[in-house]
Amino acid sequence: MVVKKEIEWGGRTLSIETGRYANQADGSVVIRYGDTMVLCTVVADKKSNSDADFFPLTVNYIEKSYAAGKIPGGYVKREGRPSERETLVSRLIDRPIRPLFHENFKNETQVICTVLSFDGENDADIISIIGASAALTLSGIPFFGPIAAAKIGYENGEFILNPKIGHESQLDLVIAGSKEGVLMVESGAKELSETEMLAALKFGHNAFQPVIDMVIEMAEEAAKAPWPEPVAKDNSAIINEITEKFLEDIKTAYTGACKHDRNEALAKVFENIVEHFKENEEITEQTLSELFTEVCSRYVREKILTTKTRIDNRGTADIRKISVDVSVLPKVHGSAVFQRGETQAMVIATLGTAQDEQVVDGLSGEYKEHFMLHYNFPPFSVGEIGRLGSPGRREIGHGKLAWRAISQVLPSREEFPYAMRVVSEVLSCNGSSSMATVCGSSLALMDAGVPMKSAVAGIAMGLIIENGKYEILSDIMGEEDHLGDMDFKVAGTENGITALQMDIKVTSVTFEILEKAMKQAKTGRLHILGEMAKGLSAPRAELNENAPKMTSLVIPKDKIREVIGTGGKVIREIIDKTGAKIDIDDDGNVTVAAQNTESMNNALNMIKEIALDPIDGEIYVGKVVKIMDFGAFVNFYGSRDGLVHVSEMADKRVEKVTDVVNEGDEVRVRFLGYDNKGRAKLTMKIKE
């Protein structure tokens, strides 16, 4: 049975259809917004993996080139490994749906969202979240949805629902949630206030309620029979026994001064628990590990809610000790080490030319990105052994969050023509490494001399909520992230928010909690900015001496061919003579870079002499190329010659030209413009 529902949403038609395609999947819908269409499917294993200590959910977002009428570039003409965007959107879909599965559901589950058609105006990410939620709701799998999502822009004091691709705005916010509250937030903003961001979240939450109603209406007609509710084995007796016999040991273990000490002490407690239950063959070590974690979680959460004191004895709003060190690497362009508690990030900034920019090829076309930020999380940062390879989803996601936070305050290409790459090496981690990356990136770029508008800091907020009581935690550690209910990251300047990301483990978070978290985060952010200023309070006045020297100019479009020359002959000669790098785009924007100022200026002057006219009144050094009775012709500007009339050679009367100059002499001349026949006029009578 084919069922289709549609509504008008944000000035366009949103439709969801089921029953026509991919009917062997447990749930399948085709969702359409404008002429962008996505097929969303879900399949779950009928058998539970009860031994798993996590929910085995996989989400894949796939962009097919045919959707935009394109053939993949490169030698192999088919889609390959996921692009960075596909990875980021996969995470975007995963994060709001993951908390809504039944807590005892351990069946392997796969969600696939395939872009079938792309109209160049309506992005596929938002409708993929909605489509995944709809497919799950129809599947009968124990999923407590539906949810919906929206993209929000902000311009001239007004919020915009689902702005079209390419629309410039002060805000790029994605929000997902249920009827009751918010589940996920991902945004970049141009220093908006906490009040404006909260209003944007409320606007978005209200805006997608009709979408949730539409999915519910569809489910009433087309949903499959619900799967049996998964029932977990009753382990309350074992939990009570662990609590009774080992809680005091757990409390003592959590008094360790650092993460390593706490982990070692907890590991010894767990060894004793395993020894205690070894006679009971029905209880596996895996089960004991899960129940031990549950007892630890209950203790930590209860301590915070009742005493407002955390594992490391901080108050709920306290920030860990911060240290900052800049210019730590002698040959790089900019570097900083930012440490907060046991989390330490070494961040390096490198400046390059337009040739170093990242070329991005997606459904919406090819473009260049002049700012790149890469986040690395080696296994030694948490004292583990692990495989090194391509960056994972987490590394890509954390890097993009930091990119959003920093990119809002960087100078434009016109103001600062350098390509910029920042690399964050997380050397030690106990929570908030992405926010340490934000702080370190800001410092490294300022150390390199990049004229940033403001310094940027980030802070990760947590939440413990139980039976109507809750506490918001500033600057969470790894244990608090693992055992808590929210990871709410806020980055910004002293003037406002530049990036915001929220993930939760409960079914939703109210706006009351979000408002308090934002206010508490602002206090923490301003404190961190103050600590960062002790290391470096503003961008260096000069670029780092190791950075390439660069300048830019604009030449007429009809002169581009002359600068490049036949087969690139002219521009190659300039590069060979000066050692500079030269980039020219189709609009006549020229960027010249070199390792020293002399090479840069030599190349710049050679380009100007080909493409630009001399400036009236400017003084040039030229060479006499021809002597005439009435004066001398001087080659003074590239291939241009001009006449110095005998009357313009000296302040006194000159009887004979050769009394003053001879062919081959080098002379200083001032350009006086052109005569009525278009010939250059020069004078040697120069008064400084």
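General remarks:
- Residue match in segment 548-570 (condition: surrounded by 13 or more Cβ atoms within 10 Å (Cβ to Cβ), outside any loop (DSSP other than H, G, I, E, B) and touching a Pro at 6+ places or on another chain (Cβ under 6 Å)): yes
- Applying the criterion of being under 24 Å from Asp613 (Cα atoms) and in contact with a strand residue (DSSP E or B) (Cβ under 6 Å, 6 or more places away or on another chain) to the residues of segment 647-666, the residue that is surrounded by the fewest Cβ atoms within 10 Å (Cβ to Cβ) is Glu666.
- Filter pass, Asp213 being under 29 Å from the mean Cα position of the chain (by Cα) and at pLDDT 95 or above: no
- Residues satisfying the stated conditions in segment 113-162, i.e. among the aromatic types (Phe, Trp, Tyr), out of contact with any Asp or Glu (no Cβ under 9 Å at 6 or more places or on another chain) and under 19 Å from Leu201 (Cα atoms): Phe159
- The condition of being touching a residue at least 40 places away in the same chain (Cβ under 8 Å), in contact with a helix residue (DSSP H, G or I) (Cβ under 8 Å, 6 or more places away or on another chain), farther than 22 Å from Arg561 by Cβ and not polar (S, T, N, Q) holds for only one of Ala594, Ala611, Ala680, Ala632, that being Ala594.
- Matching residues in segment 80-109 - criterion: being of a type in the set (S, T, N, Q) and in contact with a Ser or Thr (Cβ under 6 Å, 6 or more places away or on another chain): Asn107
- From the options Asn430, Asn495, residue that is touching a residue at least 24 places away in the same chain (Cβ under 8 Å), outside any helix (DSSP H, G or I) and buried (at least 24 other Cβ atoms within 10 Å of the Cβ): Asn430
- Note on segment 317-363: residues that are closer than 24 Å to Asn589 by Cβ, surrounded by 18 or more Cβ atoms within 10 Å (Cβ to Cβ) and among the polar types (S, T, N, Q) total 2.
- Selection within segment 79-107 - more than 26 Å from Pro142 (Cα to Cα) and in a loop (DSSP other than H, G, I, E, B): Glu79, Gly80, Arg81, Pro82, Ser83
- Subset of segment 169-200 [assigned to a helix (DSSP H, G or I), under 21 Å from Asp485 (Cβ atoms) and touching a strand residue (DSSP E or B) at 6+ places or on another chain (Cβ under 6 Å)]: Met197
- Output for segment 257-270, where each listed residue is outside any loop (DSSP other than H, G, I, E, B) and within 18 Å of Gly383 (Cβ to Cβ): Lys259, His260, Asp261, Arg262, Asn263, Glu264, Ala265, Leu266, Ala267, Lys268, Phe270
- Count of residues meeting criterion [farther than 30 Å from His102 by Cα, small (Gly, Ala, Ser) and assigned to a loop (DSSP other than H, G, I, E, B)] in segment 140-158: 1
- Matching entry among Ala222, Ala232, Ala267 (being without any contact (Cβ under 8 Å) to a residue 60 or more places away in the chain and on the phi < 0 side of the Ramachandran plot): Ala267
- Scanning segment 219-256 for residues that are of a type in the set (A, V, I, L, M, F, W, C), exposed (fewer than 11 other Cβ atoms within 10 Å of the Cβ) and either assigned to a helix (DSSP H, G or I) or modelled with pLDDT of 90 or more (or both) yields a count of 2.
- Among residues of segment 38-70 being under 24 Å from Lys106 (Cβ atoms) and among the charged types (D, E, K, R), the one that is surrounded by the most Cβ atoms within 10 Å (Cβ to Cβ) is Asp45.
- Any hit, segment 356-376, residues being without any contact (Cβ under 8 Å) to a residue 40 or more places away in the chain, over 23 Å from Asn495 (Cα atoms) and basic (Lys, Arg): yes
- Scanning segment 108-121 for residues that are buried (at least 22 other Cβ atoms within 10 Å of the Cβ) and of a type outside the set (A, V, I, L, M, F, W, C) returns a single hit, Thr109.
- Any hit, segment 459-480, residues being touching a residue at least 12 places away in the same chain (Cβ under 8 Å) and farther than 27 Å from Gly177 by Cα: no
- If you filter segment 285-317 down to residues that are part of a helix (DSSP H, G or I) and among the acidic types (Asp, Glu), you find that the one that is farthest from Glu342 (Cα to Cα) is Glu285.
- Residue selected from segment 48-73 under the condition under 24 Å from the mean Cα position of the chain (by Cα) and hydroxyl-bearing (Ser, Thr, Tyr), by the criterion nearest to Thr284 (Cα to Cα): Thr58
- With respect to (1) farther than 19 Å from Phe143 by Cα; (2) at pLDDT 95 or above; (3) under 29 Å from the mean Cα position of the chain (by Cα); (4) loosely packed, with under 14 Cβ neighbours inside 10 Å, the lone exception for Val76 is condition (2).
- Where Ala603 falls short, out of the listed (1) touching a strand residue (DSSP E or B) at 6+ places or on another chain (Cβ under 6 Å); (2) part of a loop (DSSP other than H, G, I, E, B): (2)
- Summed over segment 571-591, the residues that are over 15 Å from Ile610 (Cβ atoms), surrounded by 13 or more Cβ atoms within 10 Å (Cβ to Cβ) and free of Cβ contacts under 8 Å to residues at least 40 places away in the same chain give a count of 2.
- Residues that are among the aliphatic types (A, V, I, L, M) and surrounded by fewer than 24 Cβ atoms within 10 Å (Cβ to Cβ) within segment 482-492 comprise just one, Leu483.
The values are calculated or read from the model by the stated rules, or taken from the named source; none is laboratory data. These figures come from a predicted structure and were not determined experimentally. Note that we place each Cβ from the backbone using ideal geometry, even for glycine, and neighbour counts take in every protein chain shown.
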